[in-house]
Structures are given as structure tokens and as C-alpha cells.
Amino acid sequence: MNNKNLQGTGSKKTLFSRNVFLALIGGTVIGIVVALYVCRPTYLILAELESGEILHRTRVEDGERFAVTYIHSVERSPVKEIFEVRGEAVYTMESHTESFGAGMPYEGDDVEIEDGKFIIRNIDRKVHGGSLKVRPSSVFPHHVRVGGEVITISEPPYAEKNLEIRIVRGYFKGGGNIGR
């Protein structure tokens with residue numbers, strides 16, 4: 001009888017040890033999955049709007065700003081709009097223009113004049129739909145500036161196409177030809 005009790009106790013200890021081991025493995029796997037999800041890389045994607053074909057991608061960080069610069073087709077003056085990456089959304093932060101003519105960005109309360117340009121700061125407005133839609137012309141220079149990189153979208157393969165500038169997060173979304 002004493003021998004049976006020892007065998008039963010050993011089985012219980014083995015079962016307990018196995019359950020603790022499995023719980024630790026499960027917890028570790030869940031922790032790794034959560035960490036990988038939270039730390040997903042973020043990309044700024046320049047894609048053809050209709051097909052979703054990626055024409056350019058670059059890694060960005062949450063809170064990073066990028067600019068779209070162009071010559072306004074009616075006013076014939078330079079425009080610089082500054083945007084911020086927040087999660088997978090784009091927020092308008094600033095607008096730099098030489099005038100407030102038709103079609104020129106003008107919303108905002110924090111307006112300054114600096115070097116002959118109107119600068120609207122602290123706009124802090126989410127871009128409708130979360131991504132920018134742009135139609136660059138080949139007639140006027142049009143650029144996207146992100147980090148130290150300047151992408152000239154007024155030249156092939158971007159010119160004369162409807163473009164979308166969007167933010168995606170994930171390990172596989174930054175590569176290949178991904179859809180929306």
C-alpha cells in the first residue's frame with residue numbers, strides 16, 4: 001500500500017510538471033505572437049489607385065512626417081503640405097502656400113506669414129479615408145519627401161496616374177504587390 005501511494009504521488013508530480021511546462025511554452029508562444037503583432041513594421045506605400053500596384057514603398061515610423069510638394073496648376077505657385085503617420089492613417093499637419101486662391105489649402109486657425117508664404121500649422125486633421133489620393137502632372141514638378149528620400153511623382157512611372165499614398169503595417173504588406 002505504501003508503494004502504491006508513492007507511485008500515485010509520482011504520477012501526480014509528473015502530470016503537474018508536464019502541465020506547468022506546457023503552460024510556460026503556451027505563454028511564451030502567445031507572448032512572441034503579441035510582440036510580433038505590436039512591433040510590426042510600418043510602410044508608406046505609393047500605389048496606382050485603380051490597380052493597387054505598388055510603385056514605391058519606404059519604411060516609416062509612427063509619428064514620422066512626410067511632405068507632398070507641387071506647383072499649383074491655377075495659381076502657378078509652390079505648395080507644400082506636411083502629413084503625419086499615425087498607425088495606418090495619414091493626418092494633415094501643415095500647409096505652406098503663397099496665396100489663398102481657388103483650390104488652395106486654407107483651413108486652420110494657426111496661420112503665420114514666413115518668407116512671403118502663408119503657413120498653416122497644427123491642422124491635425126485625419127485625411128478622409130486614411131490615405132491621400134494624388135494625380136501628379138508631368139507639366140509641373142510634384143514630389144513626395146519622406147525621411148531623406150525625394151520621390152519625383154511628376155515623372156514616370158508615376159506621372160499621369162491616379163496615385164494613392166497609404167500606410168500599411170505588417171511583415172508581408174511591405175513587400176510584393178499588395179492590395180488595399
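Bear in mind that the values in this text are calculations on the coordinates, not laboratory data. Just so it is clear, the structure is predicted and the values come from calculations on it, not from any experiment. Positions of Cβ are generated from backbone atoms using ideal geometry, with glycine treated the same way; all protein chains shown enter the neighbour counts.
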Between segment 107-147 and segment 58-87, the Cα center-to-center distance that results, in Å: 5
Segment 16-25 - phi-based ³J(HN,Hα) in whole Hz, Karplus 6.51/-1.76/1.60, Gly and Pro as x: 4, 4, 5, 5, 5, 4, 5, 5, 5, 4
Model label zone, Arg169; criterion: amide N under 19 Å from point 7 Å along Cα-to-beta-carbon; scope segment 47-65: 58-65
Cα-projected label distance for Glu98 with Glu112, points at 7 Å along beta-carbon direction, nm: 2.1
Under 12 Å from the Cα of Lys161 - aspartates and glutamates, other chains or at least 8 residues apart: Glu48, Glu50, Glu53
Relative pair counts by distance (%), Cα atoms of segment 8-167, 5 Å bins: 2, 8, 14, 16, 15, 11, 7, 4, 4, 3, 3, 3, 3, 2, 2, 1, 1, 0
Packing-based ranking, highest mean first, of 111-122, 21-32 given that Cβ atoms within 10 Å are counted: 111-122, 21-32
Charge context of Asn19, other residues only, Cβ under 13 angstrom, K/R +1, D/E -1: +3
Residues Asn19 and Glu61, FRET efficiency given R0 of 35 Å [Cβ-Cβ distance, rounded to 0.05]: 0.25
Dipole moment magnitude, nearest 20 debye, segment 11-76 about Cα centre, only Lys, Arg, Asp, Glu C-beta charged: 780
